[in-house]
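Below: the structure, in structure tokens.
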Amino acid sequence: MSKIKFNEMTPKEIVAELDKYIIGQDKAKKSVAIALRNRYRRSKLSEEMRDEVSPKNILMMGPTGVGKTEIARRLAKLMEAPFIKVEATKFTEVGYVGRDVDSMVRDLVEASIRLTKQKKLEAQYSIAEKIAEEKILEAIIPGRNKKKDDNAGKNSMNPFEFIMNGQIPPQFLGGQTGQNVSEENDDEKAEQEDVVLAREQVRQQLHEGLLEDHFIEIEIVDTNKTGTIEMGGEPVSISLGSIFGDTVPEKTKKKKVTVREAKKILREQEAQKLIDMDQVTSEALENAEQNGIIFIDEIDKIASGSSYKMGADVSREGVQRDILPIVEGSVINTKYGPVKTDHVLFIGAGAFHVSKPTDLIPELQGRFPIRVELENLDEEAFHMILTVPENALLKQHKLLLETEGTNIHFTEDAAREIAKMAYLQNEQQENIGARRLHTIMEKLLEDIAFELPDPEKREITIDCEYVKEKFIDTIKQRDLDKFIL
């Protein structure tokens, strides 16, 4: 993935990337991959036609725990485009308690600023690292000028102080002073050569990583104190620096850190000085408008199935009406400037247990033309989730316990039994999808994890019998419940 830029990935490559982490749901992956590739195709059109092509928003329907949010989360990691995930339930109609729906666009712009700024910083890292290295060398072996500056207040007086004290400044004296200056210059030259030689030796040690845990004192920028106030329901940070700009000088403070930490701090600090924030803001706004993606989760919770609406239903429909102009395309004012949402891609997702997509207001339904229904997970899907993905659940637990010096092995029949148990519990109790596997795995390994570290338990094997024995009480209880009227 790192070798291929996201914009250059074909729909098949996007699906293949999602397949590494998400089992099944091929229809949803296919729709998302096509929608994302269409962003790239649109960028190749002429400017007149580009404005005419609007994104085809997607509505994903399916029970909890089947992969809707996971698809969004993986896309966020995969993409080189601004991406945010919001819950529709945190928005409410104006006049009710809740966040303004415009905040989703402001959040998208913030995400775009962070993304663009990080790219610009990374482009400057090679230069910033060299500057940071020189500063670290200066901190380890101060030069003659540094020592002079440190002792300046103690050992020197300016010419006016000499005159006020009835003395003649040394630089205005005759030949002897010239001789002293000459000797001093020779001493200074010799000392500078020693400093250069010493720094080269230290530079070599730095490159070899021998000084990583060595403590040094560096100067860092002292960030201005910021205060937060609310304006229009949105928290806004205000600092003296942002109010007065360059009229307030940049403050620095000394901090004692290891060389390892100093490299990171100074690299970021120097890279920050090399980038142009006006250019970052301009590019970020363009990126948010043309490539932004907003994932609206829990969209079914703002749908109302009743034709007669009162109380909370009024608020839900109000949220839909507030979201509608943003999805249709409007201009939202942010602290970085106005942003148009005409070409932002919206992906809605919800379980739709109680309500149906048709319970959304017709105008909003029409703005999500692509409908994708995600399937319930069966026993085989659970088994694949446990074993196949790069972040497979069994692999995660193995690695966690290996940190305590214990190797744990799951037999094939144990994995099958865990999958079967998850499927049955979802069928007979509340269906919470793949999250049921987390519940079962934590219960299964609870006693083992509690007793570690234990030098006697270096190898542990989990088989089918162990899984059945661990959940025998749960199974019996569940069977008895069937016969209670």
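The values are calculated or read from the model by the stated rules, or taken from the named source; none is laboratory data. Bear in mind the structure is a predicted one, so any value in this text is a computation, not a measurement. Cβ: placed from backbone, ideal geometry, glycine included. Neighbour counts: every protein chain shown. Just the protein is used for accessible areas: all its heavy atoms, side chains included, with ligands, DNA and RNA removed. Shrake-Rupley method; radii C 1.70, N 1.55, O 1.52, S 1.80 Å.
Here are the numbers for this structure:
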| read-out | value |
| --- | --- |
| Subset tally (residues that are touching a Leu at 6+ places or on another chain (Cβ under 8 Å), assigned to a strand (DSSP E or B) and open to solvent by 10 Å² or more (accessible area, probe 1.4 Å)) for segment 335-375 | 3 |
| Residues within segment 355-390 that are over 26 Å from Arg435 (Cβ atoms) and in contact with a Pro (Cβ under 9 Å, 6 or more places away or on another chain), tallied | 1 |
| Candidate set from segment 301-317 (those that are within 21 Å of Asn57 (Cα to Cα) and touching a strand residue (DSSP E or B) at 6+ places or on another chain (Cβ under 9 Å)); member that is modelled with the lowest pLDDT | Ala303 |
| Residue list for segment 249-289, restricted to those being open to solvent by less than 60 Å² (accessible area, probe 1.4 Å), under 24 Å from Met104 (Cβ atoms), in contact (Cβ under 8 Å) with a residue 60 or more places away in the chain and not β-branched (Val, Ile, Thr) | Ala284, Leu285, Asn287, Ala288 |
| Residues satisfying the stated conditions in segment 282-298, i.e. under 18 Å from the mean Cα position of the chain (by Cα) and not in a strand (DSSP E or B) | Ala284, Asn287, Ala288, Asn291, Gly292 |
| Among residues of segment 1-18, those that are modelled with pLDDT under 90 and either open to solvent by 80 Å² or more (accessible area, probe 1.4 Å) or over 25 Å from Pro369 (Cα atoms) (or both), counted | 7 |
| Leu393 more than 30 Å from Leu108 (Cβ to Cβ) and hydrophobic (A, V, I, L, M, F, W, C) | yes |
| Hits in segment 55-86 (condition: in a loop (DSSP other than H, G, I, E, B) and open to solvent by less than 60 Å² (accessible area, probe 1.4 Å)) | Pro55, Asn57, Gly62, Pro63, Thr64, Gly65, Val66, Gly67, Met79, Ala81, Pro82 |
| Test: Glu87 is under 23 Å from the mean Cα position of the chain (by Cα) and either under 24 Å from Glu328 (Cα atoms) or of a type in the set (A, V, I, L, M) (or both) | yes |
